[in-house]
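Structure record follows, encoded as structure tokens.
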């Protein structure tokens with residue numbers, strides 16, 4: 001009986017994850033995920049980096065290009081940084097909403113709180129796995145790193 005219950009729970013979890021992306025509105029200009037926002041007064045990623053070099057946090061809107069998204073259910077995305085291999089991680093407030101996989105390559109505006117933080121090896125590997133990276137790529141992650149992280153209340157697809 002325990003095996004049957006465990007099997008049913010596992011089956012339900014897998015089907016939920018498999019259909020999670022199907023229920024999300026495709027990423028087209030003007031579509032918003034989470035809190036409704038506009039692009040007025042959004043700063044560029046470069047401006048955000050300059051601001052965080054002088055301050056602990058930044059609260060506001062940031063415009064950038066999406067270069068990655070969680071493959072499991074769209075629970076985070078990454079923004080391109082000029083001159084850096086390390087993208088900016090964008091998570092969503094209380095995981096209250098998700099974004100579609102087709103948001104990669106789109107220009108977006110996020111509104112929320114940005115800060116520089118240290119990401120542990122464990123979390124880097126978790127994010128890499130969610131992005132669909134290979135076991136070899138994940139195995140190369142050996143040290144914590146300092147990077148920019150944003151917790152966004154809303155995401156607006158600009159183009």
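The values are calculated or read from the model by the stated rules, or taken from the named source; none is laboratory data. Owing to the predicted nature of the structure, the values given are computational and were not obtained by experimental measurement. Glycine also receives a Cβ, built like all others from the backbone with ideal geometry; neighbour counts cover every protein chain displayed.
What to note about this one:
- Put simply, of 120, 107 the only residue that is modelled with pLDDT under 90 and either out of contact with any helix residue (DSSP H, G or I) (no Cβ under 7 Å at 6 or more places or on another chain) or more than 20 Å from residue 61 (Cβ to Cβ) (or both) is 120.
- Hits in the stretch 133-159 - residues which are surrounded by 13 or more Cβ atoms within 10 Å (Cβ to Cβ) and either over 25 Å from residue 58 (Cβ atoms) or without any contact (Cβ under 8 Å) to a residue 24 or more places away in the chain (or both): 133, 137, 138, 141
- Considered as a group, the residues in the stretch 123-132 that are out of contact with any helix residue (DSSP H, G or I) (no Cβ under 7 Å at 6 or more places or on another chain) and free of Cβ contacts under 8 Å to residues at least 40 places away in the same chain include one that is surrounded by the most Cβ atoms within 10 Å (Cβ to Cβ), and that residue is 124.
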